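Notes follow the structure.
Any read-out appearing in this document is the output of simple, stated calculations on the displayed coordinates, not a laboratory observation. Worth saying up front: this structure is predicted, and the values here are computed from it rather than measured. Cβ coordinates were reconstructed from backbone atoms using ideal geometry, including for glycine residues, and neighbour counts include every protein chain displayed.
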Amino acid sequence: KAGVTQTPRYLIKTRGQQVTLSCSPISGHRSVSWYQQTPGQGLQFLFEYFSETQRNKGNFPGRFSGRQFSNSRSEMNVSTLELGDSALYLCASSLIGQDVSEAFFGQGTRLTVV
Amino acid sequence: AQSVTQLGSHVSVSEGALVLLRCNYSSSVPPYLFWYVQYPNQGLQLLLKYTSAATLVKGINGFEAEFKKSETSFHLTKPSAHMSDAAEYFCAVSPPYSSASKIIFGSGTRLSIRP
């Protein structure tokens, strides 16, 4: 079956703009988590959505937001982009009630802010 | 609280040599432990996982790791390195029966393979 799909794969935005990234989980998976990966900070948890509700949130400013739709697809939005937001954004999906040993990652969206 | 430390941000070995990537963890509860591999501009792929069953865990691509509670370690090994093993490797820890949001990742070790 298809894996976790993230779109777009690459994105270039200007400082001050906003951006929306998309993640389609594996069919049947209802939990989606988002991560930011940078050379300096490594992999940092952004938020998790489950059944259209944000279940957990990492330590990021309010410019970072997300949502999940009834088909489990998730989007994350970053407003007022800063140069430091340049990163690889990864999402991971898992089944209802399954523990973390079953989380699957997408290929990521590479965001460059100029 | 949980944390994971990967010793060595960059490891270089010759093709055919032993690969050893070190990971130590800290956890107040019996942990789940993972090794992930990431190729350039790609997502994370699970290599192997320890979830409180056998302490020697075998994964994909010939990798294995041994959970040593007394040493709080979960080192990744492969007997013979291949050029295709060049990538970044992440050790991770989480509480059992939790979601992906609880995964704590190490800072990563970049593995280079010399011909």
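Local charge for B:Arg114 was computed over the other residues whose Cβ lies under 14 Å away, with Lys and Arg +1 and Asp and Glu -1, and equals -1. Normalised by the number of residues in segment B:62-104, the mean separation of alpha-carbon contacts (under 8 Å, six or more apart) gives a relative contact order of 24 percent. Computed about the Cα centre, the dipole magnitude for segment B:33-115 is approximately 60 debye when only Lys and Arg (+1) and Asp and Glu (-1) carry charge, each at its Cβ. With the charge dipole of segment B:24-87 set up from +1 on Lys and Arg Cβ and -1 on Asp and Glu Cβ about the Cα centre, the Cα lying farthest toward the positive end among the listed residues B:Asn61, B:Tyr32, B:Leu48 is that of B:Tyr32.
In debye, nearest 20: dipole of chain A around its Cα centre with unit charges on the Cβ of K, R (+) and D, E (-)?
Magnitude of the dipole: close to 240 debye.
The charge dipole of the protein assembly as shown, taken about the Cα centre with unit charges on the Cβ atoms of Lys, Arg (+1) and Asp, Glu (-1), comes to about 260 debye, rounded to the nearest 20. Among the DSSP beta bridges whose two residues both lie in chain B, what percent are antiparallel, rounded to the nearest 5? Percentage antiparallel, nearest 5: 90.
Centre-to-centre separation between the Cα atoms of segment A:1-63 and those of segment B:1-69: 24 Å. Protection proxy ranking for A:55-65, A:18-28, B:47-57, using the average of other Cβ atoms within 10 Å per residue and placing the highest first: A:18-28, B:47-57, A:55-65. Counting neighbouring beta carbons within 10 Å and listing from fewest to most, the residues B:Leu33, A:Leu95 come out as A:Leu95, B:Leu33.
Net charge near B:Ser73: determine it from the other residues with C-beta under 14 Å of the C-beta of B:Ser73, scoring Lys and Arg +1 and Asp and Glu -1. In short, 0.
Ranking A:Ile12, A:Gln54, A:Ala92 by how far each Cα lies toward the positive end of the dipole of chain A (charges on Cβ) leaves A:Ile12 at the top. Each Lys or Arg adds one and each Asp or Glu takes one away; over the other residues whose Cβ falls under 9 Å from the Cβ of A:Val32, this sums to +1. For chain B, the tally of Lys pairs with Cα-Cα distances below 16 Å comes to 7, considering only residues 8 or more apart or on different chains.
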